[in-house]
1. Do any residues in segment B:131-155 that are more than 22 Å from B:ALA22 (Cβ to Cβ) have Cβ atoms under 8 Å from those of residues that are polar (S, T, N, Q) and assigned to a helix (DSSP H, G or I), where the two are at least six apart or on different chains, and which pairs are they?
2. Is it the case that segment B:228-246 has a residue that's away from every other protein chain (no Cβ under 14 Å), in contact with a Pro (Cβ under 8 Å, 6 or more places away or on another chain) and aliphatic (A, V, I, L, M)?
3. Being touching a residue at least 12 places away in the same chain (Cβ under 8 Å), within 19 Å of A:VAL165 (Cα to Cα) and not acidic (Asp, Glu) narrows it down to one of A:GLY85, A:GLY80, A:GLY93, so name that one.
4. Filter segment B:235-249 for residues that are farther than 11 Å from B:VAL222 by Cβ and either among the β-branched types (Val, Ile, Thr) or part of a helix (DSSP H, G or I) (or both) and give the result.
5. For segment A:1-65, please list each of the strands (runs of 3 or more DSSP E) lying entirely inside it that holds at least 2 residues being touching a Gly at 6+ places or on another chain (Cβ under 6 Å) and among the aliphatic types (A, V, I, L, M).
6. Across segment B:39-63, what is the number of residues that are more than 17 Å from the chain's Cα centre (by Cα) and either part of a helix (DSSP H, G or I) or surrounded by 22 or more Cβ atoms within 10 Å (Cβ to Cβ) (or both)?
Amino acid sequence: MTPLLAYRNVVAGYAQPVVGPVSFEVKPGEIVALRGPNGSGKSTLLGALTGASRVFSGQVERRAVLTVSLQRQIPARPEGIPLTGHELLRLTGAHHKEPPSLLAPLLALRVDKLSGGQFQLLEVWACLGGDADLHILDEPTNNMAPSTIESLVSILHDKRKDRGVLIISHERAFVTEVADRVVELPG
Amino acid sequence: MKWQLVVDPLFRVPFLNGLLLAVSMPLLGAYVRLRDEWLASLGMAQVTAAGGVVGLLLGIHPIPGALAAAGLAATAKGTVRRSGNDVFVLLLLFGWSVALLGAANSAQGEEVSHALIDGQLYFTSGAHLAGAAALLAAVALLLPWISRKLLLERFFPDHLAANGENPFRIHLAFDLLVAFAVALATQSVGVMASFALVFVPPWAAFGGASGWRRALARTAAVAVVAYIVAFAAAIGLNQPFGPVLVAALLLTGLVRLLPAARSRA
């Protein structure tokens with residue numbers, strides 16, 4: 001099966017290499033986790049896909065036709081912008097699907113009125129509920145209460161077979177519970 | 001008081017010109033505020049005023065000079081690729097310096113510089129109206145296309161890049177649209193009133209709005225009401241239009257006190 005995304009011996013960084021060489025693949029239907037302690041270069045590896053970081057050697061290969069949804073480690077939530085949860089989901093196409101029960105009552109509210117954990121779950125659902133082929137979640141459990149993390153685990157277990165998920169996290173218990181494969185990065 | 005002048009046919013073209021600007025400028029301002037680049041309009045307005053003065057010094061009409069300066073400023077800002085307001089502060093100071101130096105070295109330039117600062121809506125012509133109509137058409141055509149991308153860029157900053165799209169082109173297209181809009185508005189209502197049209201209505205409307213579409217509608221509505229009040233008051237009380245418009249727009253700040261309506265989005 002053709003992978004959605006493949007890293008082949010990628011060494012990535014900024015002015016200097018920060019992480020690598022790292023190799024992994026994400027195939028349709030798979031949940032792959034990049035796990036490592038803070039500062040191990042997980043987000044730098046992700047930046048190799050978006051152009052935010054520099055690839056010193058190796059290759060980042062993506063399927064010829066691939067749509068990606070991406071949830072940032074530090075979500076962008078501009079102050080005072082009157083976007084509702086419904087409107088945020090519409091941006092990524094996630095408004096077509098029934099939202100998690102924790103989220104449904106919050107969607108009519110402005111996103112700048114939500115708590116950090118509520119907004120994090122909204123961003124994660126905007127990513128996972130959309131129509132992209134590959135969903136990338138960068139530290140999705142940040143700011144989340146245990147009950148919210150349970151909801152996230154449930155969403156991940158219900159994902160569609162033709163989608164791939166790449167999770168970047170330092171939470172060993174979380175990635176062990178949801179991922180099909182875990183790529184460990186040294187500290 | 002000369003209230004009968006408000007309905008004088010002599011002022012129809014200026015009224016319509018300002019009315020079209022009062023719709024399009026605040027809508028652009030909503031997206032400028034979304035990007036946290038609210039100082040853009042003042043920086044651009046000052047640069048376009050400088051362009052108008054420099055145009056006169058070079059022997060060309062102020063409007064093409066202002067438009068050229070706006071295009072150069074937007075391109076320079078896009079090339080630097082920095083978000084935030086620092087670039088616009090530099091543009092503002094640069095434009096102010098060039099405009100006043102240009103005015104000091106040309107008698108005609110001084111007159112034009114004064115007009116650009118104060119606004120000269122009542123002396124605008126069919127050419128200004130055509131420009132404002134073209135701007136509104138451009139806003140109506142481009143915003144539905146660019147709106148989702150600008151919102152995506154703000155709330156999901158890596159989304160476009162991760163999907164192989166170049167955000168730079170979108171930013172440049174929007175910056176150019178704002179620059180040309182401010183250039184046209186500065187020629188009609190002056191530097192500060194152009195800035196106020198971009199900054200104040202979204203600021204007033206966003207406070208209590210629940211939902212982006214409602215905020216846009218409220219933004220345009222408060223700007224149009226403020227404009228109509230200012231147009232009538234400036235003529236009726238024989239006051240300069242620019243400062244009256246700015247004062248009327250500031251009063252729209254009261255809209256922030258309105259309670260938020262629940263969204264049906």
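1. Final answer for the pair search is B:LEU152/A:THR92.
2. Looking through segment B:228-246, at least one residue is away from every other protein chain (no Cβ under 14 Å), in contact with a Pro (Cβ under 8 Å, 6 or more places away or on another chain) and aliphatic (A, V, I, L, M).
3. Details: A:GLY85 fails: within 19 Å of A:VAL165 (Cα to Cα); A:GLY80 fails: within 19 Å of A:VAL165 (Cα to Cα).
On inspection, the qualifying residue turns out to be A:GLY93.
4. Kept after step one, since they are farther than 11 Å from B:VAL222 by Cβ, are these residues of segment B:235-249: B:235-247.
Scanning segment B:235-249 gives B:ILE235, B:GLY236, B:PHE241, B:GLY242, B:PRO243, B:VAL244, B:LEU245, B:VAL246, B:ALA247.
5. Details: elements: A:5-13, A:17-26, A:31-35, A:54-62.
Ranges flagged: A:5-13, A:17-26.
6. Applying the first criterion (more than 17 Å from the chain's Cα centre (by Cα)) to segment B:39-63 yields B:53-62.
The next check asks that each one be either part of a helix (DSSP H, G or I) or surrounded by 22 or more Cβ atoms within 10 Å (Cβ to Cβ) (or both); those that pass are B:53-57, B:62.
Result for segment B:39-63: 6.
Here is a yes/no grid of residues against (1) crowded, with 17+ Cβ neighbours inside 10 Å; (2) under 20 Å from A:GLY36 (Cβ atoms); (3) in contact (Cβ under 8 Å) with a residue 60 or more places away in the chain:
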position: A:GLY117; (1), (2), (3): yes, no, no
position: A:LEU128; (1), (2), (3): yes, no, no
position: A:PRO146; (1), (2), (3): no, no, no
position: A:ILE149; (1), (2), (3): yes, yes, no
position: A:SER154; (1), (2), (3): no, no, no
position: A:ILE168; (1), (2), (3): yes, yes, yes
position: A:PHE174; (1), (2), (3): yes, yes, no
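Yes/no matrix, rows are residues, columns are (1) at positive phi; (2) more than 16 Å from the chain's Cα centre (by Cα):
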residue	(1), (2)
A:TYR14	no, yes
A:GLY39	yes, yes
A:PHE56	no, yes
A:ARG77	no, yes
A:ALA94	no, no
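The values are calculated or read from the model by the stated rules, or taken from the named source; none is laboratory data. In this text the structure is predicted, and so the values were computed from the model without any measurement. Reconstructed Cβ throughout: ideal geometry from the backbone, glycine too, with neighbour counts over all protein chains shown.
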